[in-house]
Amino acid sequence: MSTFAATMTEQEKRQEIKWYVVGTTSSQHEIKIRNAIRKAGMESYVPLKYGIKNLRGKQERRMQPAIAGLIFAKTSYNQFIEYAITSKDRVYLRKSAYSNKEEYLTISDTDMERFIDLSKAFHEHISYLKPEEVTLHEGELVQIKLGTKTYEAEIKRINGKREKQLVVEIPSLAIAAITLTPELMKTITRLSGKQQEENRQRKEASRQRSLQEKGQKDMRKIRNFETDKKQLMEIACRLLFEITPEHQEDPENEMALLDMKRIRERLVGRRGVIAAQEGELALAMYLASVKLELDVEEATERLKLAISKLKDSSMLKMRMRYYLARVTNDEIVLREIRDITKGWNRLRLSPRQQGFLKEIE
């Protein structure tokens, strides 16, 4: 009886309608396959972008698939398999690259609806990226109004790009980056800091539950460790040493404070694999703790322990001692470090020495 019930459950799963990610080895046939899937009675979507095509010796600007070999289909497993068997093109359901199980990639109706609507509305200003190609920094949440619908998206900075991008992300699969222009800004309603924090926590809790259910590792944490560590150091230094008291409550500085708090929370419990990595992390966590007035004593002890593990000749050790002395107003250590740097040959400085001098000057 129990075996029959389990079999029925599996059958029901195979009949459940979901947005699946469809792959194909048929080059440049995405539109044709999308149309064939629709003709077979299923919903299908292919994100498009403008590109230049050579037609009869002339270059023409045409809409074309944004990501080669990528198609979305709203269907059941059973219905798609029946279609795939008779299809002239080789099509298959894509599986997660990070799952410990043989799970197929699926997307929630809400995420897919938002992705379709935004990619259609802003196709003139959009570019598509693979998650592994970029590092996304935490950004500001906004609401975008499209007719009667309102969607949430995030303004982020992408490595290698000067301007900020409005990012619509399908986890582990694709990133749609919309370049902000004056006409697009008119559609945006900014969320308050409290709303952003509540939305982030709700979104992250949902993401963690999904990863746990699928038995997947949180690859975002693994990929972003170094980025988080560097960003935490930069924000903490700026807020502690560069922003004057009268400007501490400016909106952009309040946002930076929220970012620093979120990054610190992500790094709590993490440890560097080698002494230098642990030293950099301990320093960033110490400065953030001082600014936030959270666990300062514990962070101080961790920093002092990390300092003791480094060689006296280490530039990182000098940098860590400098910031500890700066926060605690230890003039003896500050004077010692200034005397050392005065003796450096300015014509033969290493990149690390140059960077350190810029920081202390």
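The values are calculated or read from the model by the stated rules, or taken from the named source; none is laboratory data. The model shown is predicted, which means the values in this text are computed figures rather than measured ones. All Cβ positions, glycine included, derive from the backbone under ideal geometry; neighbour counts span all protein chains shown. Protein only, heavy atoms only, side chains kept; ligands, DNA and RNA dropped before computing areas. Shrake-Rupley method; radii C 1.70, N 1.55, O 1.52, S 1.80 Å.
On a 1.4 Å probe surface of the protein chains, which of Met255, Met320 comes out largest in accessible area, and what is the full order?
Values: Met255 45, Met320 0 Å².
Highest to lowest solvent-accessible surface, that is Met255, Met320.
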Under 17 Å from Lys342, Cα to Cα: lysines that are on another chain or at least 8 residues apart: Lys358
Highest-fluctuation residue, Arg207, Arg62, Arg94 considered, GNM on the chain with Cα pairs under 10 Å: Arg62
Rounded tilt (10° steps) of 251-267 against the dominant C-alpha axis of the chain: 80 degrees
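Once neighbouring chains are kept in place and the probe is 1.4 Å, which whole percent of the accessible area of the chain is contributed by carbon and sulfur?
Values: 10470 of 21630 Å².
Using a 1.4 Å probe with all protein chains present, the chain comes out at 48 percent carbon and sulfur.
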Have a look at Asp111, Asp312, Asp89 and tell me which one the Gaussian network model of the chain (Cα, springs below 10 Å) gives the largest fluctuation. Asp312
For the full complex of protein chains and a 1.4 angstrom probe, list Ile85, Ile263 by accessible area with the highest value first. Ile85, Ile263
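Please calculate how many Å² of accessible area the chain carries per residue, with a 1.4 Å probe and no DNA, RNA or ligand atoms counted.
With the other protein chains kept in place, the chain gives 60 Å² per residue.
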Could you pull out every residue, at least 5 positions away or on a different chain, whose amide H is within less than 5 Å of the one on Gly272? Hs are placed 1.01 Å off N in the peptide plane, and Pro or chain starts have none. Glu278
For Phe241 and Glu124, compute 0.36 nm times the residue count separating them, minus their Cα-Cα distance, and round to one decimal in nm. 38.0 nm
Spacing of the two label points (7 Å from each Cα toward its C-beta) at Asp330 and Arg62, in nm: 6.8 nm
Answer with one residue from Thr75, Gln165, Ile144: the one whose Cα lies farthest towards the positive end of the charge dipole of the chain, charges on Cβ with Lys, Arg +1 and Asp, Glu -1. Thr75
Mind listing the long-range amide H neighbours of Lys95? Cut-off is under 5 Å, sequence gap 5 or more, other chains count too, H placed in the peptide plane at 1.01 Å from N. Leu105
With a 10 Å cut-off between alpha carbons and a GNM built on the chain, which of Val296, Val273, Val168 moves the most? Val273
Between helix 331-342 and the chain, what is the angle of the helix's C-alpha long axis to the longest principal axis, kept within 0 to 90° and rounded to the nearest 10? 80 degrees
Antiparallel bridge percentage (DSSP; both residues within the chain; nearest 5): 100 percent
Got a number for the accessible area of Met112? Probe 1.4 Å, square angstrom, nearest 10. 0 Å²
For the chain, longest principal axis from Cα atoms; helix 30-39 axis from its Cα atoms; angle between them, nearest 10 degrees, is 50 degrees
To the nearest 20 Debye, how big is the dipole of the chain about its Cα centre, given +1 on the beta carbon of each Lys and Arg and -1 on that of each Asp and Glu? 1560 debye
